[in-house]
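Undergrad: Handing you this structure, nothing more for now.
The values are calculated or read from the model by the stated rules, or taken from the named source; none is laboratory data. Small disclaimer: the values here were computed from a predicted structure and weren't measured. Virtual Cβ from ideal backbone geometry, glycine too; neighbours counted across all protein chains shown. The accessibility values were calculated without ligands, DNA or RNA, using every heavy atom of the protein model including side chains. Shrake-Rupley method; radii C 1.70, N 1.55, O 1.52, S 1.80 Å.
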Amino acid sequence: MLTKLRALNPNLPFYSVQDPAFRRFGRVVDFPAPKWLAVCQEAAVMPPSGTRYVPSMPELEEMTEEFCAAKHALRGEGSCQVGCCWGYNRFLNGLEYHRSSEHNIAVSDLVLLLADQRDLVGNDLPQGSVTAFYVPQGSVVELYATTLHFCPCQVRDDGFRCIVILPRGTNQPLEAPRMNHGEGRLLWAQDKWLVVHPLNQSALSKGAYAGIRGENVQIRYEEEK
């Protein structure tokens, strides 16, 4: 699959999460979660189009053994929420970051488009800063707090599913108005700073900051017809 993705996306740096290139952005974690994968496949019903994200999914959090294991091994017994992002997506559209690591469990094969927060110039991300990583089904990855990331991309027509583990409360609505200067301009939700591509009209209409320069990266996984 990686060889095919590289051939179809020749202008994009493309690696597996097993490649040393991933070390700048995160690491692969040994955390088997087969029961969560099975439950998520049933609970995350594919939408007609677009994507869905539920920060805290009861179907996953109520599996006490798995939840406690993740809270201990992945979150160091700190605050923990387990949700899911799923649907259909092939574009970058935006990038976000948090003040702590995020863990992703690939319920299906998927691609993560990543950049480094330290490459931001002010609030803007220069052209050519995005790298693609193929994540095979069942992989558990930690994305460091300095890693810009967003919605996964599909590698098949039937979409993607990805379990997302974060400190509880992350991505919930803000309790105070956003600032209009500095990094505060990017604060989008609790512990979520967001910068989007100028073509992401939906987010721009809600006040997001258009700071991603260059193309709105698209993942191609099959020959154009």
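Undergrad: Which of the residues spanning segment 120-135 are assigned to a strand (DSSP E or B), open to solvent by less than 40 Å² (accessible area, probe 1.4 Å) and among the β-branched types (Val, Ile, Thr)?
TA: Across segment 120-135, the qualifying residues are Thr131, Val135.
Undergrad: Tell me which of these Asn200 doesn't satisfy, since it passes every other one: (1) of a type outside the set (Val, Ile, Thr); (2) within 18 Å of the chain's Cα centre (by Cα); (3) under 25 Å from Ser100 (Cα atoms).
TA: (3)
Undergrad: Can you give me the number of residues within segment 51-64 that are surrounded by fewer than 18 Cβ atoms within 10 Å (Cβ to Cβ) and in contact with a helix residue (DSSP H, G or I) (Cβ under 8 Å, 6 or more places away or on another chain)?
TA: Residues in segment 51-64 being surrounded by fewer than 18 Cβ atoms within 10 Å (Cβ to Cβ) and in contact with a helix residue (DSSP H, G or I) (Cβ under 8 Å, 6 or more places away or on another chain): 3 in total.
Undergrad: Could I ask something else about it? Just to be sure, is Ala33 of a type outside the set (Ser, Thr, Tyr), at pLDDT 95 or above and open to solvent by less than 70 Å² (accessible area, probe 1.4 Å)?
TA: Judged against the criteria, Ala33 is not a match.
Undergrad: Hey, which of the strands (runs of 3 or more DSSP E) in segment 136-219, taking only ones fully inside, have at least 1 residues that are in contact (Cβ under 8 Å) with a residue 40 or more places away in the chain, open to solvent by 40 Å² or more (accessible area, probe 1.4 Å) and in contact with a strand residue (DSSP E or B) (Cβ under 8 Å, 6 or more places away or on another chain)? Steps first, answer last, please.
TA: On the way: elements: 140-143, 160-166, 187-189, 192-196.
In segment 136-219, the matching strands (runs of 3 or more DSSP E) lie at 160-166, 187-189.
Undergrad: Answer with yes or no whether Glu42 is among the acidic types (Asp, Glu), open to solvent by less than 40 Å² (accessible area, probe 1.4 Å) and either more than 30 Å from Glu183 (Cβ to Cβ) or touching a residue at least 60 places away in the same chain (Cβ under 8 Å) (or both).
TA: Answer is no for this residue.
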